[in-house]
Every structure is written in structure tokens, then in C-alpha cells.
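This report concerns only the one structure given below.
Please treat every number below as a calculation from the coordinates, not as lab data. Everything quoted here is computed from the prediction, not taken from an experiment. Counting neighbours? That spans all protein chains shown, and the Cβs are built from the backbone with ideal geometry, glycine included.
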Amino acid sequence: MRRTRTKPAQAPSGTDAVQGMGVRTRTQGELVFRRFVRHKGAVAGMIGLGAIVLLAVTSIGAGPIPGWWPKDFSSTGTIVDSGKPTLSLLPGFLGGSGMQMGEHPFGQDNVGRDYFALTMRGTQVSLVIAFIVGIVSTFVGTLIGAVAGYFRGKSEAALMRLTDLVITIPTLLFAGLVAVMAGDRGIVVLGLVLGLVTWTPTARLIRGEVLSIREKEFVIAARSFGTSARRIIVKHILPNTVGIIIVSVTLAIATAIILESALSFLGLGVQPPDTSLGRIIHDYQNALTVRPWLFYWPGFFIIGIVLSVNFIGDGLRDAFDPRQNRVRD
Amino acid sequence: MSTNTEPANGSRVHAGKTLADSLPPSDEEILRVEDLTVEFPTDDGIVHAVRGVDYSVREREVLGIVGESGSGKSVSSMAIMGLLPGNARVHGSIRYRGTDLLRMREKEHRSLRGDKIAMIFQDPMTSLNPVQTIGDQLAEAVLSHHLVSRKQALARAKEMLDLVGIPRPEARLKSYPHEFSGGMRQRVMIAMAIINDPDLIIADEPTTALDVTVQAQILEKLLEVKDEVNAAILMITHDLGVIAGMAHRVLVMYAGRPVEIGNVDVVFNQPRMPYMAGLLGSLPHLDATEHERLRPIVGTPPSLINVPPGCPFSPRCPLADDSACVTTEPELAPVDADEHYAACHHWSRLAQVDDPTAYFRAESERSR
């Protein structure tokens, strides 16, 4: 077990030292952190997501805070060199034009807007929506799944039929309808709406897991000590579903980015002049043959965000499982 | 590994508590179970898991309940806790200090559970939450019933861990169940059961999942804490040795009914129900000769879906005849000794011989 991995001489402290054991017990927090940082994919995802967030926030700034990139995402300009990207990563001695950002690193669109600023704004919006959806849909799904799974009987039937009902409604249509009804209230409202239609898979997953955990002896033992149902769900059952919850969050975030793109494609999502990664792709869908960079920059960021989030989720799931003693090498 | 060793520091080694050393039971009845029946509807028919159980437990008394798997001993104790699955049909009455638990509202019942009536489960490996610290779980048992701060609850938890013999209790509060050995986890379960000073501890095969040396320590500890909190113990087991060592009285169950009840010494020395005689006869003896074979009770218990009329033990009983035994089920009735009851038409025939287990010896020799 991991405890024996620490060299005896390393950290003799406290009562252990008195007993001559010389092995320091790690706290649970340290263990979770250790397992997380040993998960290479998770660390890579963390760096990737961190870099994307940092770039998106500092470049064009957020709200009143100005960024270091001088151009605005909505103002047009003269098209230089048919809007080709000026970003160059190939150094001069290898035949490139040297490492430089240039005037328009990601190029320009057909009306001369700076595509770097536009992509950064799209990334900001998509990230905000995705995280709101991740939190809302996981919260609602977990609540409904846990209550249905724990109490069984009539409340389970009612909640699960509600879930089925929400599943039968085409998500896109429903979200679109609610978005129209809500009007253009900005990206936070859009995130909430999407969250309220994407909780169904989480609810089903959580219910299934709760059904199995509620029969475990430690739950019966907790009941035998007179613990209330609310406390059993919150303290005993949900911590045992942390793996599923984290996976749900990551899946919900990935789904949200795609759903938001689809809604924007239909003109129901983010409204111009604001933009999002999905909206950018939609706006320039006909430009693939003439201005391919209008396509691959937002695509690159979508893939980057979704991959990073999934890797982080994988690492967190492994790190939070106290039964897992194996540390990834 | 250091954390998995049982406590070995000198101060905790004691001579071992036996039943004789502990406080004697008082006359006050704390639990009275009357005509308890439990049925489970299934696709194959109704399973009559418990078919009329009567017994009482006095203050500080240890009542052992023995029986084989499916004899209804666990189901009847889960009925006391109110933890049977929702489809169970429970009838009769279970009075705790005069109040009927079966007619209580769930909220009132819950306030008794863990406070006045506590339970220790069979498998300590699965009855602790793997993702919560021991300290949190112990504190939770306190916080569910008392309006105290978390800090006070943890102090109480530490005190209890110390009482059940966990070394360095302060540090172990922050440990997770997987960092404990089986014996230590069962100690934690005992600590959790007694943390609110219960009147009654239901121990459902508390040592079945443990190895024999640890078993003895746990049973001693149980007797020790029983006096500490003045609790009675309902000891459910299928180990006759455990009953002999630590119960005042014993209740023998067969096919969902009590078939014999009485003081441990009396029941073990003068069994008046052939089933109990057969159980005692099947125990291996230390003085047995090399080629002596074990003497099992031939046959299996009846199905609890279609319980045949007559004595449920009659198909396996060497004393059974073709009249009363197959037509009427015997009631639990007083036999020769004081406070000794048995459910057998022919108990007097067992009383006539010195060694009632002899009937089964003849039986198994015939079947050889």
C-alpha cells in the first residue's frame, strides 16, 4: 500500500516517531492531489484548459478590464493579403518568416474583422455557457436521480417519468423554444436554459448508482443509527457517486458546447453582435474552400476545450476514489 | 503494516471479561416481542419468514438467538429496528418499554434507532462508509440524536474509540475505513453502537466475518461495553459456542418459530426440543476418537412458502411419530426446568434419557 512507499527516514514526526514507526500519514487532501498530479492526461488537460482560459481572458480582456490585444472583435477593417493569418511559428532559418504574431495572427474574415479577437470572444462565451450548463445540469440531474433512487416508490415513478418526458422532447427544439421565449437575455440565461434540458442522462446514471448504493450495508447501518434520509443521501450516498458526477460534468460540458453551436447555427443561441465558437463556425460555414482558417481556428479551440475537460474529469475521478491505492506512473 | 495490527500495548491487555464478571440483569423488561409475524410476498407465493415469535429481554441481559440460515432470526431483529424492506408485512407487537414500535410513526422510530436501540452488523468490511472518515461517521451517530456541536461529537467519538481499544484514537478519527483491519472496524462499529448509551444492542452475527482470535476479543469487548452503558444485548448467531460463552438465556429458532427458550445452562445440558439436541449432538468433541464421524442432523428445513402442517422439524426428527407430529404444530410450552419452554410433543421422552443427543447418534449411524 502507498503508506509503505514513503521511506522510513523521510518524515519521522508526531506520535508515529514516538512509536518508532517513522512513517508519516498523508492526509486525504494530499493523497487526492498526489494521485491527480500523477495522472499525466489530467495534468496535460489542466495545462491545456488553463492556457486557453488565460489566453481568452487576457487577450481581449473581460468586461471593463482591458486586454493586451489592441483590436476589437466587432470592428471591421481593411482586408490585408486576402485575410490570411499572419501568425508564424516557423523560425527564419528553417525557411519561415520568423516567430511573430503579425497584424492579424488568425487572419481576417470577409468584412475585415480581426479573427483572433473574434475567436477569443467566442471562446470566452462558449466557456461561460459550457460551465453554467455543466453545473446546472449536474445539479438538477443529481438531485432528481438521488431522490428517485433513494426513496423509490411513487416519487421514483414520478421523477423518472418526468425524466422520460424530458428525453422525448427534442432537446434542440425545446431549448430553442425556451431561448426564444426568454428572448435575448444574454449568455447566462442561455446557459441556464440549456442546463435545464440536458440533466436527463445524469439523473438516470445517478439513480442507477443510488439504487445499488442504498442497498449497501453501510447505508442500512447509517439508517440503524437513526440518520435522516437527507443526511444519508448527502453524506453517505452522493460521496460514493463522485466518480459518476464528475464524468457527468465533463460530458455535460462537451454536450453544451455542441448544443450551443447547434442552437447558434439555427440562429437561436448567442445573438449577434456577440458571438461564440459555434456561432463563428456557423457564420463562416461557406468559407471552407476560400478561407479555411475561418474554420479551423474555432474548431481547434472547441476540440482543445472538450479534450482538456474530459482529461481533467478522468484524473479527478481517479484521484477522489479513496479505495484506489494504485498511483499512476 | 502498522495500522493493521490489533492493539498490543501492555495497558490494554486484560484478563478477559466473562459473563460471570458482568453486572447481573435486572427484572425490568425493556423489550417484549409478542406474536411477531413477518411475511414477504414473492412471485412464488408468500414467504412466512417469521411465524409467531414471543420473547422478552430484561435490562442488562444477554439473550442469544440461535438458528440456521433462514430460520428468521435476522428478519425478526430487523423488524425491531424497522429496517425491513417496504414489501414486508409485519404483524404482532414489539414493545420497547411499553411503547409498540410497530405502531410508531417512522419519525419517532427513527429517533429511537441508534439512540435507545443500536445495532452491530455482521460484516464490518461493508457496514462503514468507505468515503467518510471514522470520526465523521461516529460524530454523525451523535449528531443525529443530540443537539451538540461537531467538536463535542468528535470528542465523544474519541472517547468511544478509546473505550473499545483503538490505539491513538485522536489520530484515528481522521482515518478512513480501509485503513483499519476487520477486527478494528468491528470495534468501530461497537463504538458507534454504544456512542449514545443505548438500552439495547442488537448484534447480528457480530463475529461471523472475523477470525477466531479476533472473535474472542470482540466478544469480550462487547461484554465490557455492555456494563459501561448498562445495555442489554440481543445476540444473533449460529455459533453455539458464542452463546454458551456470553448469553444468559438462549432462544432457539427453527423455520420461523421459536422452538426452545431458557437459561443457557439448562438448554445446553437438558435440551427438550430434538432440534436443539441434534445441534448439540452435531458439535465435534475434543475427546473424539480418530475415526469418529461428525453427526449432522439429516435433511433440510422446510420451505417457508408452503409450511407443512404439524411440527416443521418432524421430517428430520428421530422422535417423530405419525400422529401428533404430522398433524399439529406444537406450541411453546413449559417443560421440566424453571423458565424453560420447548415446542415438542415428546419432550418428556428426551427428559427420560441422560444424554438426549444419543437419539441423533443412532440416527446418523443408521444412515451410514
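Based on alpha carbons, the Rg and Dmax found for the range A:232-290 are 17.8, 60 Å.
Highest average first, the peptides B:81-93, B:184-196 ordered by how many other beta carbon atoms sit within 10 Å of their residues are B:184-196, B:81-93.
Let me confirm one metric for peptide A:224-236, namely the mean number of other chain beta-carbon atoms within 10 Å of its residues' beta-carbons. Write down the numbers at each step before the final one.
Numbers: counts 17, 17, 16, 9, 3, 2, 0, 3, 3, 0, 0, 6, 6.
So the per-residue partner count for this stretch is 6.
Each Cα pair of the protein assembly as shown feeds into the Kirkwood radius, which the Stokes-Einstein equation turns, at 37 °C and 0.692 mPa s, into a diffusion coefficient of 108 µm²/s.
Looking at the range B:158-207 from every direction and averaging, what is the projected area of its Cα convex hull in nm²?
On the way: hull surface 14.6 nm².
Across all orientations, the range B:158-207 yields a mean hull projection of 3.6 nm².
If you average 1/r over every pair of different alpha-carbon atoms in the range A:173-230 and take one over that average, what Kirkwood value in Å do you get?
Details: mean 1/r = 0.0695 Å⁻¹.
Hydrodynamic radius (Kirkwood, Cα only) of the range A:173-230 equals 14.4 Å.
Placing +1 on each Lys and Arg Cβ and -1 on each Asp and Glu Cβ, with no other charges, gives chain B a dipole about its Cα centre of roughly 1100 debye. Shape descriptor for the range B:198-333: Rg over Rh equals 1.01 (Cα atoms; Rh from the Kirkwood inverse mean 1/r). With no solvent and one equal point scatterer placed on each C-alpha of the range B:58-156, evaluate the Debye formula and give log10 I(q)/I(0) for q = 0.14 Å⁻¹, two decimals. Computed log10 I(q)/I(0) values: -0.72.
Bridgeable aspartates and glutamates around B:LYS107 (alpha carbons under 18 Å apart, same-chain partners fewer than 8 residues away excluded): B:ASP115, B:GLU140. Cα centroid separation, the range A:261-310 to the range B:152-197: 57 Å. Taking every residue in B:98-111 and counting other chain Cβ atoms within 10 Å of its Cβ, the average works out to 1.
Both radii come from the Cα set of the range B:258-306: Rg as radius of gyration, Rh as Kirkwood radius; their ratio Rg/Rh reads 1.06. Normalised by 2.2 N^0.38 Å, with N the number of residues, the alpha-carbon radius of gyration of the range A:53-320 equals 1.23.
With contributions of -39500 (n - 2.57) from each DSSP H run of at least four residues, the per-residue ellipticity at 222 nm computed over chain B stands at -9000 deg cm²/dmol. Partner shielding of B:128-139 amounts to 5, given as the average count of beta-carbon atoms from other chains within 10 Å of each residue beta-carbon.
For the range B:270-366, take every pair of Cα atoms, bin their distances at 10 Å starting from 0, and report each bin as a whole percent. Spelled out bin by bin, the range B:270-366 gives 15, 45, 31, 9, 0 percent.
With the cut-off at 1.5 for a/c, could you classify the range A:174-329 from its C-alpha gyration tensor as rounded, prolate or oblate?
Values: a/c = 4.09, a/b = 1.90, b/c = 2.15.
Verdict is oblate for the range A:174-329.
Grab the range A:53-320 and count how many Lys pairs have their alpha-carbon atoms under 30 Å apart, sequence gap of 8 or more, or different chains.
Details: A:LYS71/A:LYS84; A:LYS154/A:LYS216; A:LYS154/A:LYS235; A:LYS216/A:LYS235.
Count of close lysine pairs: 4.
Taking +1 at the Cβ of each Lys and Arg and -1 at the Cβ of each Asp and Glu, which of B:PRO41, B:ILE305, B:THR328 sits farthest along the dipole of chain B towards its positive end, judged by Cα position relative to the Cα centre? Towards the positive end, the residue furthest out is B:PRO41.
In terms of overall dimensions, the range B:2-252 has a Cα radius of gyration and Dmax of 18.0, 57 angstrom.
Each eigenvalue of the Cα gyration tensor of the range B:224-296, multiplied by 5 and square-rooted, gives one semi-axis; in descending order these are 26, 16, 10 Å. Principal-axis analysis of the Cα atoms of chain B puts helix B:134-143 at an angle of about 80° to the longest axis.
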